[in-house]
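The values are calculated or read from the model by the stated rules, or taken from the named source; none is laboratory data. Note that the coordinates shown come from a computational prediction; the quantities given were computed from them, not determined experimentally. Here Cβ is always computed from backbone atoms with ideal geometry, including for glycine, and neighbour counts include all displayed protein chains.
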Amino acid sequence: MAARFQIGSRSGATFRDTENGPVGLAGREKVSVASSRGGFYGPGTAAEAFDHQETYLRAIFGFMGVTDLTIVRAEGVALGEEARATAIDGARSEIAGLAA
């Protein structure tokens, strides 16, 4: 994932260099990210402190100037078929709500 963002983070394309440091150029963009994880790392969970995926995404998109970022999670997909199906169905419903 990091390599893709390093390729996409280019001066003049997603940010510009100024005397005061870089300024993001994607501020008017709305970004939605769909992610899946085997366990539960979202807000309020016991493993929240170990969530490096979303903190990285928020940091890199923030660097690019994106302020409207939505992350849809399918968590617990490694905890059995029922948990997987429930997580994916929930994420699909959330995505459908975003598209409406």
Of all strands (runs of 3 or more DSSP E) fully inside the chain, the set with 3 or more residues that are within 15 Å of the chain's Cα centre (by Cα) is 30-37, 68-75
Cβ pairs under 6 Å, 6+ apart or interchain, first in region 15-43 and farther than 18 Å from Ile60 by Cα, second of a type in the set (Lys, Arg) and surrounded by 15 or more Cβ atoms within 10 Å (Cβ to Cβ), ordered by first then second residue, are Gly42/Arg73
Against the definition (of a type in the set (S, T, N, Q) and either out of contact with any strand residue (DSSP E or B) (no Cβ under 8 Å at 6 or more places or on another chain) or modelled with pLDDT under 95 (or both)), how does Thr70 come out, yes or no?
no
Subset tally (residues that are closer than 21 Å to Ala87 by Cα, surrounded by fewer than 13 Cβ atoms within 10 Å (Cβ to Cβ) and aliphatic (A, V, I, L, M)) for region 10-48
2
Run down Thr55, Thr45 and say which single residue is at pLDDT below 95, over 22 Å from Arg10 (Cβ atoms) and touching an Asp or Glu at 6+ places or on another chain (Cβ under 9 Å).
Thr45
Among the residues of region 35-42, is there at least one that is out of contact with any Asp or Glu (no Cβ under 9 Å at 6 or more places or on another chain) and at pLDDT below 95?
no
